[in-house]
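S.K.: Take this structure, written in structure tokens, and hold onto it; I'll ask about it next.
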Amino acid sequence: MNFKPLKDRLLVQYSEEPEKSSGGLFIPETAKEKPQKGEVVAVGAGRVTDDGKLQALEVKVGDTVLFEKYAGSKIKMDNTEYLIIREDDVLGIQG
């Protein structure tokens, strides 16, 4: 994939949702929650501060992040669904 997010944006690939509940019941596609976890696939250069300096991002490629439920914009590339979010929408890094 040839995609580079700009500034403080991240390209996140959704984590797979389980097909079964903990009780062993299959979950239909229409009943699944919107994922709030994914792996960072690409990151921008960083945010520009008020004094014009470039501040590097804390999140890096390969991190598994938890993000706000309705954050970002969905895009589809190479038959895979991704989410473009700002670093501010990341709630934490898992790991």
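S.K.: Condition check: touching an Asp or Glu at 6+ places or on another chain (Cβ under 8 Å) and modelled with pLDDT under 95. Does Lys74 satisfy that?
M.R.: Answer is yes for this residue.
S.K.: For the range 15-54, enumerate the residues that are β-branched (Val, Ile, Thr), modelled with pLDDT of 85 or more and assigned to a loop (DSSP other than H, G, I, E, B).
M.R.: Result: Thr49, single match.
S.K.: For the subset of the range 55-71 comprising residues that are modelled with pLDDT of 90 or more and charged (D, E, K, R), which member is nearest to Asp88 (Cα to Cα)?
M.R.: Checked the range 55-71; the qualifying residue nearest to Asp88 (Cα to Cα) is Glu58.
The values are calculated or read from the model by the stated rules, or taken from the named source; none is laboratory data. From a predicted model like this one, the values you see are computed outputs, not experimental measurements. Please note: Cβ atoms are built from the backbone with ideal geometry, for glycine as well, and neighbour counts cover all protein chains shown.
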